[in-house]
Amino acid sequence: MKSATQQPDYRHFDYQQLSGALGAEISGIQLNGDLSAAAVTELNQALLEFKVLFFRGQKMDNHDHAAFAQLIGTPVDADFIPAIKDFPMITRQQYDKYSRMTSDVNFHHDDSFHKYPTKMSVLRGLDIPDFGGDTTWVNMEQVYESLSEPLQQMLEGLTAEHSLAKNFTGVMLESSSGAAFDKMMERNPPHIHPLVIRHPETGKKSLYVSELLTSRIIELTKEESDLLLNYLCQKAYQPELACRFSWQKNSVAWWDNRNTTHRGIDDDFFPAIRSMQRIAIADERRPSLHPENEPVRDFSSLDIVPCNSLDDKPSTKPGNNSTSQPANIDTDFLTTLNETKAGITFTPEASIRIKTIPGPFRGAALSAILDAAEERNTVVIDDEILDIVQANR
């Protein structure tokens, strides 16, 4: 813990550090697009200092959320994750009895399966359970520093593959189909990053590895890779390297994705709903041990970065799912859907398509589908409504 004389001094807000490792709660400031350049500069300095910032009582709407994100960087569009109408950079994250957290309970860097993972995220709490559903962040610089010097030196010469297939294969195949999994992997192929990277602004080294997405160490045998990855990923579970945040309605978390990992706590808060909205900020550089040697991308002409540009190539355009849908209707699933909202009826054909949506994203997708039905003043969810929602992704 820093002494009083070492504490940073900020003019535009107050703060309270939440743990010795990382995290600070910021007060006295409202996040929106009207913040002064000086206030934004200080907030960025605080983020570099504490790695994750928390804000309470932020009465933001979608315009405020998007405008603040554009002050701190260039947002990325939602791609295959359901987004908010007219705000393609705001992704829905909704967990309820139809959609459990599943993958989010494993520590991860956001989007590390991309060639250019996202730099930062701004997550806003809307509907929050009375208890449960917390999120924990880990300081990956301190995880790296906790290792012996010989191990640090060895890791600096290694690279690892980051892939959605590591933990999403089972989820996808259980909740949808092999064709849907193949399409997801075609749109989001794995990428290789160094095991140790250096922060381009602070110069500090951190471990770039996660339980959710790091599938293998390229230079090692499978047995060696599995053993070492398991050891490194378990280091993130040391409580002294972490900060845990209890959400409230209108809470906001803003974190640096380059030197932290995080996980949601799925502690059985159901039947309550946990509804959040997230904006990811594009990174100009790839993760690197020598970021000064990496080419820097220029986003100055963009209001929003297309998600497919994170891999430097066009992603496969989502097509009609009809050819890959299972032939049989799951009547229990259809009954569950028709209990989602009073007065709304899902057609059997719609239920087939909805079941192909991976479990972690199904709650958010259903929210977008119901919004589209309400906007068109219909009480029947059919293929036409699903086509409209898919076209807007």
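In the range 189-233, which residues are of a type in the set (Gly, Ala, Ser) and surrounded by fewer than 15 Cβ atoms within 10 Å (Cβ to Cβ)?
Residues of the range 189-233 that are of a type in the set (Gly, Ala, Ser), as a first pass: 203, 206, 210, 215, 225.
Once the filter is applied, which keeps residues that are of a type in the set (Gly, Ala, Ser) and surrounded by fewer than 15 Cβ atoms within 10 Å (Cβ to Cβ), the range 189-233 yields only Gly203.
Looking at the range 182-194, can you tell me whether even one residue there is at pLDDT 95 or above, on the phi < 0 side of the Ramachandran plot and either in contact with a Leu (Cβ under 6 Å, 6 or more places away or on another chain) or acidic (Asp, Glu) (or both)?
Yes.
Yes or no, residue by residue, for (1) of a type in the set (S, T, N, Q); (2) outside the structural domain of Ala365 (by TED's automatic domain parsing); (3) at pLDDT 90 or above; (4) assigned to a loop (DSSP other than H, G, I, E, B):
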position	(1), (2), (3), (4)
His63	no, yes, yes, no
Phe80	no, yes, no, yes
Arg92	no, yes, no, no
Tyr95	no, yes, no, no
Thr118	yes, yes, yes, yes
Leu123	no, yes, yes, no
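Name the residues in the range 56-84 that are aromatic (Phe, Trp, Tyr) and buried (at least 22 other Cβ atoms within 10 Å of the Cβ), would you?
Quick first cut of the range 56-84, residues aromatic (Phe, Trp, Tyr) only: 68, 80.
Selection gives Phe68 alone.
Considering only the range 32-53, state which residues are assigned to a helix (DSSP H, G or I) and closer than 25 Å to Val138 by Cα. Walk me through it before giving the result.
As a first pass, look at the range 32-53 and keep what is assigned to a helix (DSSP H, G or I): 37-50.
If the condition is that a residue be assigned to a helix (DSSP H, G or I) and closer than 25 Å to Val138 by Cα, then Val40, Thr41, Glu42, Leu43, Asn44, Gln45, Ala46, Leu47, Leu48, Glu49, Phe50 are the ones that fit.
Consider only pairs whose beta carbons are under 8 Å apart and that are at least six residues apart or on different chains; among these, list those whose first residue lies in the range 374-388 and is within 18 Å of Ile354 (Cα to Cα) and outside the structural domain of Ala342 (by TED's automatic domain parsing) and whose second residue is surrounded by fewer than 14 Cβ atoms within 10 Å (Cβ to Cβ) and among the aliphatic types (A, V, I, L, M).
none
Six or more apart or on different chains, Cβ under 8 Å: which pairs go from a residue in the range 190-210 that's farther than 20 Å from Leu228 by Cβ to one that's modelled with pLDDT of 95 or more and of a type in the set (A, V, I, L, M, F, W, C)? Could you list them?
Qualifying pairs under 8 Å: Arg198/Leu289; Glu201/Leu48; Thr202/Leu48.
Of the residues Leu227, Leu207, only one is over 24 Å from the mean Cα position of the chain (by Cα) and not assigned by TED's automatic domain parsing to the domain that holds Thr261; which?
Working: Leu207 fails: over 24 Å from the mean Cα position of the chain (by Cα).
From the options Leu227, Leu207, the qualifying one is Leu227.
Is it true that Arg278 is part of a strand (DSSP E or B) and in contact (Cβ under 8 Å) with a residue 24 or more places away in the chain?
Values: part of a strand (DSSP E or B): yes; in contact (Cβ under 8 Å) with a residue 24 or more places away in the chain: yes.
Yes, satisfied.
Ile29: in the same structural domain as Lys249 (by TED's automatic domain parsing) and in a strand (DSSP E or B), yes or no? Working first, answer last.
On the way: in the same structural domain as Lys249 (by TED's automatic domain parsing): yes; in a strand (DSSP E or B): no.
No.
The values are calculated or read from the model by the stated rules, or taken from the named source; none is laboratory data. Keep in mind that what you see is a predicted model, and the values were worked out from it rather than measured. Cβ coordinates were reconstructed from backbone atoms using ideal geometry, including for glycine residues, and neighbour counts include every protein chain displayed.
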